[in-house]
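One structure is given here, and the rest of the page talks about it.
Every number in this text was worked out from the coordinates using simple rules, so none of it is lab data. As the structure is a prediction and not an experimental result, all values here were calculated from the model. Here the Cβ positions follow ideal geometry from the backbone for every residue, glycine too, while neighbour counts run over all protein chains shown.
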Amino acid sequence: GTESEDFLVAGMTCSHCVRSVTEELSALDGVEAVNVDLNAGGVSRVTVASSSTLRRDDVRAAVTEAGYDLVPAE
Ligand code: 9UX
């Protein structure tokens, strides 16, 4: 089934940032939906719904590719 997982991403400040991160994460295997709760200039919560288990390294790589920083797990 589909499960959602939250990640924290720093550095996003506008809707274009949101789109970049969403597009990169959407390209990962099994990802069905991405939601970004934008906190401009701060840390934004990114929720990823996936039908397969997400690997944190893959998520980090996608966020980095988009130009932002995955915040270490809480
Ligand atoms: Mo524009 Mo959002 O450079 O960082 S994409 S503000």
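Structural remarks
- For the stretch 7-35, backbone nitrogen atoms closer than 14 Å to the point 7 Å from D58 Cα along Cα-to-C-beta are found at 24-33.
- The phi-based Karplus calculation (6.51 cos²θ - 1.76 cosθ + 1.60; θ = phi - 60°) puts the 3J(HN,Hα) values of the stretch 62-67 at 5, 5, 5, 4, 6, x Hz, whole numbers, x for Gly and Pro.
- Size-normalised alpha-carbon gyration radius of the stretch 3-70, reference 2.2 N^0.38 Å: 0.97
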